[in-house]
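As structure tokens, the structure follows; a few thoughts come after it.
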Amino acid sequence: MIVLGIESSCDETGIALYDTERGLRGHAVHSQVAMHEAYGGVVPELASRDHVRRLIPLLRKVLAEAQARLEDIDAIAYTAGPGLAGALLVGASFAASLALARGIPALPVHHLEGHLLSPLLSADPPDFPFVALLVSGGHTQLMRVTGVGEYALLGESLDDAAGEAFDKTAKLLGLGYPGGPQVARLAARGQPGRCKLPRPMLHSGDFDFSFSGLKTAVLTAVRKQTLDDAGRADLAAEFQEAVTEVLVTKALAAVRAQNMQRLVVAGGVGANLRLRERLNTEAAQQGVRVYYPELELCTDNGAMIAFCGAQRLLAGARAETSGVFSVRPRWPLQELMESPLPPLC
Ligand code: KG4
Ligand code: ZN
């Protein structure tokens, strides 16, 4: 079965073809970073319009790369949420119309489930069960995963997501959007510990997180004194270390509490090299193996949506062939357990 995956939940247009027999046949992502940069963040209306422009050229590119034709596609999986309503609607309506025209099913996919399963696309995928640390721009969650569609929430951020904290800290340090990679780049020139930032909820005894206080602490440090370039680099390094320490400590505690040996890290912040370095070291000391998606599949992409859709279809998921589609901008991952699909609108 060949599944076309369509991702358009935020500022990346992603298209991919996943073949259940041959694996990932092709994928392409168009990032809107350059377009939103001037505004310091994502402008939803511009995002939607750009998805409209990119979908067909990207689809042509991926079909050519995979040496496949439109007629070879057996099903279409699209991101139905969570995300920006307008951006989601572009991908969903494109998927549903193409599916209707071709007489094939269109399946709505949860964006975070896509991230969660993305390490299974790597050359050395994890077996179930595992604990997953989902760290994206909008979510920071620890989940117990026992199979496709079997997720239990262990803990989550009570306020800002880790990626959001990176993005806000980048702004405070005078860096551009998206903030995560820029803070990481600046941090590489700095030294953690020279200025001290808190490690929020490190000893809270549960698996929840809080990152908004950390951002306020960065704001206070920036206001207290005029920082030179080296001072800003030290602050970025300390911020990165604080986030890393909390994520690593809590994720490994969750693995221990669940009596598991595997940790999967997914979502944009999972691309952070310091986080990977510290996780790998501390996990190895505890006999835990950490799995990541391929670096290019850490941030938003169509491959994870195609793969997730394929897994769902193989498990017998219901999919629409009538051209009806639905999106759900707010869609907690735990609700997937109750109903695998968003209600149709
Ligand atoms: O998963 P993702 O691409 O989109 C969402 O679903 O949110 O994650 C984007 C987030 C942004 O907040 C971005 O700043 C962060 O991931 N990010 C990073 C790095 N690369 C992306 N954060 C820290 N270090 C990075 N290298
Ligand atoms: Zn994402």
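A few notes on this one:
- When the Cα atoms of the chain are aligned to their principal axes, the ranges along those axes come out at 62, 47, 35 Å in descending order.
- FRET efficiency, Glu296 to Leu46 (Cβ-Cβ, R0 30 Å, nearest 0.05): 0.80
- FRET efficiency, 1/(1 + (r/R0)^6) with R0 35 Å, evaluated for Asp124 and Gln191 via beta carbons: 0.55
- Summing charges over all other residues whose Cβ lies under 11 Å from the Cβ of Ser9, with Lys and Arg as +1 and Asp and Glu as -1, gives -3.
- Dividing the summed -39500 (n - 2.57) terms of all DSSP H runs of n ≥ 4 by the residue count of the chain sets its mean residue ellipticity at 222 nm at -13500 deg cm²/dmol.
- Unit charges on C-beta of K, R, D, E only; dipole of region 1-86, Debye: 200 debye
- Pairwise FRET efficiency - Ser204 versus Thr20, Cβ, R0 = 45 Å, nearest 0.05: 0.60
- The number of Lys pairs in the chain with C-alpha atoms less than 15 Å apart, excluding pairs fewer than 8 positions apart on the same chain, is 5.
- The order of the peptides 3-14, 27-38 by mean Cβ neighbours within 10 Å, most packed first, is 3-14, 27-38.
- Relative contact order (percent, whole number), region 1-155, Cα cutoff 8 Å, 6+ residue spacing: 20 percent
- D (Stokes-Einstein, µm²/s), Kirkwood Cα radius, region 125-292, 1.306 mPa s at 10 °C: 99 µm²/s
- Considering only region 125-292, percent of DSSP beta bridges that pair antiparallel, nearest 5: 60 percent
- Per-residue packing, averaged as other Cβ atoms within 10 Å, sorts the ranges 63-76, 226-239, 154-167 into the order 154-167, 226-239, 63-76, beginning with the highest.
- Rounded to the nearest 20, the Cβ-based charge dipole of the chain about its Cα centre (Lys and Arg +1, Asp and Glu -1) stands at 480 debye.
- The DSSP beta bridges internal to the chain are antiparallel in roughly 60% of cases.
- Carbon + sulfur, % of accessible area of the chain - ligands and nucleic acids excluded, 1.4 Å: 52 percent
- Between helix 273-285 and the chain: long-axis angle, C-alpha atoms, 0 to 90°, nearest 10: 80 degrees
The values are calculated or read from the model by the stated rules, or taken from the named source; none is laboratory data. These numbers come from a predicted model, not from an experiment. Methodologically, a virtual Cβ is constructed for each residue, glycine included, from the backbone with ideal geometry; neighbour enumeration extends over all protein chains shown. Just so you know, the surface numbers come from the protein's heavy atoms only, side chains and all, with ligands and any DNA or RNA stripped out. Shrake-Rupley method; radii C 1.70, N 1.55, O 1.52, S 1.80 Å.
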